[in-house]
1. Can you give me the angle between helix 32-45 and the longest principal axis of the chain, using Cα atoms only, in degrees from 0 to 90, rounded to the nearest 10?
2. Taking the Cα atoms only, what angle lies between the long axis of helix 3-28 and the longest principal axis of the chain, rounded to 10 degrees?
3. What order do you get for 9-15, 37-43 when each peptide is scored by the mean count of other beta carbon atoms within 10 Å, highest first?
4. Which GluC sites (Glu not before Pro) does the stretch 3-53 hold that lie in a coil by DSSP with at most 16 other beta carbons within 10 Å?
5. Given +1 on the Cβ of Lys and Arg, -1 on the Cβ of Asp and Glu, and no further charges, what dipole in debye does the chain carry about its Cα centre, rounded to the nearest 20?
6. Hey, what D do you get for the chain in µm²/s if you plug the Kirkwood alpha-carbon radius into Stokes-Einstein at 4 °C and 1.567 mPa s?
7. Can you tally the lysine pairs in the chain where the Cα-Cα distance is under 23 Å and the two residues are eight or more apart, or on different chains?
Amino acid sequence: MAIERKKEIRRRRHRRAKLDKLRAKLAAAKNKAEREAIIAKIRRLSPDAPLEK
């Protein structure tokens, strides 16, 4: 497999894991400010990603 393809797959897996962590934090967020900060991070990471699974 080409090196570029492996890099792409690794990036995608890392992004997915980070999104899962951020979604868990979003579910546990207590106040509105926390929620807004986490939503901003999710949008920066992947603009089209749904906020909840």
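1. 10
2. Approximately 10 degrees, to the nearest ten.
3. Packing order, densest peptide first, comes out as 37-43, 9-15.
4. Glu52
5. Numbers: 20 positive and 7 negative charges, 52 e Å.
I would put it at about 260 debye.
6. Working: Rh = 12.0 Å.
Rounded, D is 108 µm²/s.
7. Lysine pairs, 8 or more places apart or on different chains, close enough: 20.
Every number in this text was worked out from the coordinates using simple rules, so none of it is lab data. Remember, it's a predicted structure, so these values are computed and weren't measured experimentally. No Cβ is skipped: glycine too gets one built from the backbone with ideal geometry, and neighbour counts run over all protein chains shown.
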